[in-house]
Amino acid sequence: MGLTMDNRRILVIVVAMFMVISAGAILVSSQPSSIHSSNTASSQSVVNSAANAVSQSQDSSLKSSSLTSAPSQSQRMQMYNDVLQYAKAHGIALSNVYIPNYFSQSKIVGGHITPGYSISPAPMGIGDYGLMNQSGKITTYNYTTQSFEAVLSMNQLNNFYLAANDAHSVTFQLNAVLDNVGLFGTASQMWTQNVVVYSSRTHNLTFEDNVWNFSSPTASLTNNAINYSSAQEQGHGFTGGGFHYGYSKTFNMTYPFTLDLYLNTSVTASGNSVVWYNYTIVSGYINQTTGASKGKVSGNYDEVIFNSTYGQPSSYRAPHPTYLVSGTNLTPTGYIPYDAEIMIGGPGGGSTAFVNGINGTMNLMYYNNTTSAYHNVRAAYDIGSETGETSVGVDVHNEGSTAYLSSGPGLVYGLWNNTYSWSKKTITSTPGQAYMFLNNNLTMIAQGVYAWAPLTKATSTYYLPSATYFYDALQNYKLPIYEQILGSSLDLTTTMTSVKAMGVYTPIMVMNNNELAAMASSGAGTAKNPYVINATSQAINPLFGALNDYEFPTFPGVLIMNTSDHVVVNDTSMPITYTGFNAAVINFYDQDYGFSQPLTNQMQLQIYNSSNVSVTNSQNVGVWFSSELYPYFYDGSFEIWNSTNIQIYNNSFISWGSSIMVYNPSSVNANITIYNNEFAGLSFVNVLPVSTLSAIGTSFDFGSQQYGIQLFSSHDKVYRNAFGTQTPVVSFDYNVYCGDQPLIPYSNDSFNTTSSVASTMNNWNLTGPLGSFTLYSSDLGNYWWNYNQTGPYNDYGMITTGQDYAPIHLIDGSNVTFTASPGSVALLASFDGLAMGGQGVTSVTFMDIPAGPFAYSYIEVNAFNQPTCSSGVSTVSPSSSTSVGADSSYVSLTFTESGLASGTTWTVNANGMTFSGNTSSLSAGVPPGNYTYMVPAVSGYTISSNSNTISVTGATTVTITFTPVVTSYSLTFMETGLSHGTSWSVTVGGHTYTNTSASQVISLAPGTYSFSVGNVSGYTSSSVSGTIIVSGNLQLTVTYTAVSTPSNTFAYELLAGGLVGGLVVGGGAVLMFVRKKP
């Protein structure tokens, strides 16, 4: 996360390793293995040629990959965003996309790699990095295998994380990098994942796989990289956007259950590299209806065959791919290690899992061809580093080569052959709902970084390495305990002192009615006497601002879950400041976004699986979420999920992305009532610098996607609110949970109330960033900033589940009109951050605007796609109309031509703009200023002046004169009246031309010529002469009359342009000279 972050993380790893060394190391067994250690003089392999320890060719690739420069953070961000955007555009749920750790900080330090995480949130579990601690020395090893197996046993799991839109789901991922994969005849590296997606609520389990290309720092899996996928053939998978995924059918489980996951590789009979994703459900698989065990079941849910032989000779076979673990080399990405891992994390998309109770075990094993058996990996850490999904609240300790999962702080340390000695620690806390944070890394402690240790009951037990720990204990209305020492062999009993003046400085998390009663300051939980929880806070402790590498927050501010008693929650504005590691995460993204995300925020309110909750009296609530969440996850400052009979009233919101997000199954009559609230866009309150607002406006979550309410629910009521967000409400048929369209459409949402209800709210005031509104008994609908004053309102189709049939009009509302300058072809106007306009728009009107001062800006675009921006501040009077007219952003610049033949195309280039056409005048609107123009040549013409500089301050016309450039024209004499074959002649410019045919064509350069027609015997012989100006092709007709005819005459006709006898004859004109016989 920038140079500073890299150095910090390296220091953290070094400190942690020093602490491991100082505690004493477990000596390495002398038993032969398939591992090549870097400090061993000769490495004896016990794996056969199909999967031998790093061969010479692989050594070469390893050496080159270890020198690969890691891509810049902007490149990594671009890869990440490309994947997310592709998934969104193609309707791929992010629960199918298990993001690589694009922001891994793994490096090579002192000849060995370092893990990519330093503290949770991290992928907690088992990670084999090819590192072990031998007699106080970090020793590396490299090995290959054709198969990995992970064994997962789960006895109990409690987890909840709403921000990922899949509250109770986690993933268990078996991940490893496949080396030497044949791809179009080239050896490549592929990251393969065999993933268990498990819901602790439904107890449903699905196997899913991903394939990613790790062959270079910016490699991407092309759409044709995979020749065949059995899952995809069955409609259970997809390849595109840089990754492949496939999935199995769903299995219904019960505790305890045990699973085996496999990654197997080989070469097909046709010579292509192949991976099999296999599984065995050892126990816990049941019939969902009867609950009866269905016994042990094994299967393969995806066979992935790579395009190895395409374009190669018929004799070509891909080399045998092998899984590689290396303690000395990074993958060709330059920042992700060659480790093998089984871990627990969030349900896809780089999300996290919030675990507050877990009991299970893991094993990670590699296949040895010589023994024909799987063996536990030689050494391990408690994290993986390849994946971006993370978890918190999970502690990993080991007995032998088995990892035990339990509730704990999620610190990063070594397991077998990399470990401290273990110590069982019991922590007894009064109150039992206190928040406990632990760390033993002094570098992190100095930055205020601790790991959350869930207290699942009054007395909790952790298994931790023997070390000295510092701890913080926090709880609302209690005196906090900071940086107290927990000795290496001591248990802890802590009692917190009640001090009401401490107020609210931790999240409020309620999991059931009993906890609701304990948290309430008053009330009995009934409809007439509801519980009251006051959430007013001056500041939440920064420890609760924990973010993972994709900026997924760990904690909500208020969580009401699984309750049915009546409760009113007052003032949920819970501010938090990001410090230390979390500030570094934010600064990392800042460098890519090009602006600074705030280091302050508010914490989210979540209502889940509850009823009878009211939230009120919260002012200027504005929770910002990372662009890494929007628009891929649906979140809001208030998030209501699977809940009914909820009331949100008398609040004001500032939307950084979404103020309220509601989700319920479409079949539920949810009865969510939202009334008497103000919703303003972020820009409306002008809390950030203009440069920052401008950048925010183009990001995913801020700007155009500033929602007031996202409503994915039926039978709800939204009335008497004031909406000043860019998109007031969005409500359509989309299942946020499943990522598809619901079978039963969402419907029956009402955006009006009844007169009887409104009469009880007469003279109620709305107050907030939009100003103060007085609502009367006649106001049944909502105030919408973009209502066009005609008919029912549905935000131009954004609301499909109902309409507002009685939108609120302001008694003294005003109109503000923006008019573009002449020459504009597009106008985008912003009124206090709310935008209207677009291509082809030259005038927009904001209607029914509250009186008062407002900031405005507008962008005009001319025909050359040149934008100009104007801004200012104006004051709107009540019941008035204000015009913000053209301020000469553009003036007319016209170029006219003379001399060109009709329809000729000509061009003028001026200050990078190109005027072009085949008319005599070319015109466009341009900003005032000095312009240097240049006229490219037109074939056949010269230009009077083909370049010049002009000053354009108003409407300006420039004339361009073209002159034809011709080397010769045709002068044609045509005779009539002569007998066939009679010789006749003409003299032009002193040259005589004789002919016996009816025409004589003479080629002449432009100019003035004398001519005469010769006498012909038997015909009138008087000669005619004259002059002619040749400036075009001409034709002259000569008529002869035989002498025998008394009245013979001969005539001369001049056609098609010329001057005869000093007269100009235009094109198509005829001039006759007639001379009678003397």
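The values are calculated or read from the model by the stated rules, or taken from the named source; none is laboratory data. Keep in mind it's a predicted model, so treat the numbers as computed, not measured. Please note: Cβ atoms are built from the backbone with ideal geometry, for glycine as well, and neighbour counts cover all protein chains shown.
Pairs meeting the criteria (first residue in the range 81-101 and under 18 Å from Asn175 (Cα atoms), second residue among the acidic types (Asp, Glu) and exposed (fewer than 15 other Cβ atoms within 10 Å of the Cβ), beta carbons under 6 Å, at least 6 apart or on different chains) are lacking. The single condition among (1) under 30 Å from Arg76 (Cα atoms); (2) assigned to a strand (DSSP E or B); (3) not acidic (Asp, Glu) that Tyr310 does not satisfy is (2). Residue-level analysis places Ala176 outside the set of residues that are at pLDDT below 95 and not aromatic (Phe, Trp, Tyr).
The residues of the range 522-546 that are farther than 18 Å from Leu479 by Cα and either part of a loop (DSSP other than H, G, I, E, B) or without any contact (Cβ under 8 Å) to a residue 12 or more places away in the chain (or both), listed by number, are Ser522, Gly523, Ala524, Gly525, Thr526, Ala527, Lys528, Asn529, Pro530, Ala546.
Among the residues of the range 743-775, those that are assigned to a strand (DSSP E or B), out of contact with any Ser or Thr (no Cβ under 9 Å at 6 or more places or on another chain) and on the phi < 0 side of the Ramachandran plot comprise Ser750, Ser772, Thr774, Leu775. The sole residue among Asn272, Asn287 that is farther than 20 Å from Phe214 by Cβ and either modelled with pLDDT of 95 or more or out of contact with any Asp or Glu (no Cβ under 8 Å at 6 or more places or on another chain) (or both) is Asn287.
The single condition from (1) among the hydroxyl-bearing types (Ser, Thr, Tyr); (2) under 16 Å from Gln866 (Cβ atoms); (3) at pLDDT 90 or above that Thr957 fails is (2). Once the range 415-427 is narrowed to residues that are at pLDDT below 90 and out of contact with any Leu (no Cβ under 7 Å at 6 or more places or on another chain), the residue that is nearest to Ile485 (Cα to Cα) is Thr426. May I ask you to list the residues in the range 326-383 that are over 27 Å from Ala219 (Cβ atoms) and either without any contact (Cβ under 8 Å) to a residue 24 or more places away in the chain or polar (S, T, N, Q) (or both)? Of everything in the range 326-383, those that are over 27 Å from Ala219 (Cβ atoms) and either without any contact (Cβ under 8 Å) to a residue 24 or more places away in the chain or polar (S, T, N, Q) (or both) turn out to be Asn356, Asn359, Thr361, Asn363, Asn368, Asn369, Thr370, Thr371, Ser372, Ala373, Asn376.
Within the range 977-995, the set of residues being surrounded by 13 or more Cβ atoms within 10 Å (Cβ to Cβ) and polar (S, T, N, Q) comprises Thr982, Ser985, Thr987, Asn995.
Looking across Glu483, Glu515, one residue alone is over 17 Å from Phe437 (Cβ atoms), under 40 Å from the mean Cα position of the chain (by Cα) and among the acidic types (Asp, Glu). It is Glu515. Of the strands (runs of 3 or more DSSP E) contained entirely in the range 110-167, those carrying at least 2 residues that are touching a helix residue (DSSP H, G or I) at 6+ places or on another chain (Cβ under 8 Å) and closer than 18 Å to Asn417 by Cβ fall at 137-145.
For (1) among the hydroxyl-bearing types (Ser, Thr, Tyr); (2) surrounded by fewer than 20 Cβ atoms within 10 Å (Cβ to Cβ); (3) more than 28 Å from Asn158 (Cβ to Cβ), each residue gets a yes or a no:
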site	(1), (2), (3)
Thr239	yes, yes, yes
Gly246	no, no, yes
Lys249	no, yes, no
Met253	no, no, no
Leu261	no, no, no
Asn272	no, no, yes
Val282	no, yes, no
Phe306	no, no, yes
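So which residues in the range 925-943 are in contact (Cβ under 8 Å) with a residue 40 or more places away in the chain and in a strand (DSSP E or B)? Answer for the range 925-943, where residues must be in contact (Cβ under 8 Å) with a residue 40 or more places away in the chain and in a strand (DSSP E or B): Gly925, Val926, Tyr941. The residue list Glu897, Glu860 contains one member that is in contact (Cβ under 8 Å) with a residue 24 or more places away in the chain, over 25 Å from Asp832 (Cα atoms) and among the acidic types (Asp, Glu), which is Glu897.
Quick one: would you say Gly697 is surrounded by 17 or more Cβ atoms within 10 Å (Cβ to Cβ), at pLDDT below 50 and within 25 Å of Gln803 (Cα to Cα)? For Gly697, the condition - surrounded by 17 or more Cβ atoms within 10 Å (Cβ to Cβ), at pLDDT below 50 and within 25 Å of Gln803 (Cα to Cα) - is not met. In this structure, Tyr301 does not satisfy being in contact with a Lys or Arg (Cβ under 6 Å, 6 or more places away or on another chain) and either buried (at least 24 other Cβ atoms within 10 Å of the Cβ) or among the hydroxyl-bearing types (Ser, Thr, Tyr) (or both). Residue-level analysis places Pro256 outside the set of residues that are farther than 24 Å from Val297 by Cβ and not polar (S, T, N, Q).
The residue that is surrounded by the most Cβ atoms within 10 Å (Cβ to Cβ), counting only those in the range 665-678 that are out of contact with any His (no Cβ under 9 Å at 6 or more places or on another chain) and in a loop (DSSP other than H, G, I, E, B), is Asn677.
Taking the range 820-924 and the strands (runs of 3 or more DSSP E) fully enclosed by it, the elements with 3 or more residues that are under 36 Å from the mean Cα position of the chain (by Cα) and among the hydroxyl-bearing types (Ser, Thr, Tyr) are at 852-862, 867-876.
Selection of first residues in the range 463-480 that are not assigned by TED's automatic domain parsing to the domain that holds Gly360 and of second residues that are of a type in the set (D, E, K, R) and not in a strand (DSSP E or B), restricted to Cβ pairs under 9 Å at least 6 apart or on distinct chains, gives the following pairs, ordered by first then second residue: Tyr477/Lys500. Of the residues making up the range 487-516, just one is surrounded by 14 or more Cβ atoms within 10 Å (Cβ to Cβ), modelled with pLDDT under 95, among the polar types (S, T, N, Q) and not in a loop (DSSP other than H, G, I, E, B), namely Thr494.
Count of the range 787-800 residues, restricted to those that are under 14 Å from Met836 (Cα atoms) and modelled with pLDDT of 90 or more, is 2. Just checking, does the range 410-421 include any residue being touching a residue at least 12 places away in the same chain (Cβ under 8 Å), under 17 Å from Ile358 (Cα atoms) and crowded, with 22+ Cβ neighbours inside 10 Å? Looking for residues that are touching a residue at least 12 places away in the same chain (Cβ under 8 Å), under 17 Å from Ile358 (Cα atoms) and crowded, with 22+ Cβ neighbours inside 10 Å, one finds at least one in the range 410-421, hence yes.
Among the residues making up the range 321-369, those that are out of contact with any Leu (no Cβ under 6 Å at 6 or more places or on another chain), assigned to a loop (DSSP other than H, G, I, E, B), of a type in the set (S, T, N, Q) and under 25 Å from Gly182 (Cβ atoms) are Thr328, Thr331, Thr333, Asn369. Look at Ala292 and say whether it is in the same structural domain as Leu364 (by TED's automatic domain parsing), of a type in the set (Gly, Ala, Ser) and modelled with pLDDT of 95 or more. Against the criterion (in the same structural domain as Leu364 (by TED's automatic domain parsing), of a type in the set (Gly, Ala, Ser) and modelled with pLDDT of 95 or more), Ala292 does not qualify.
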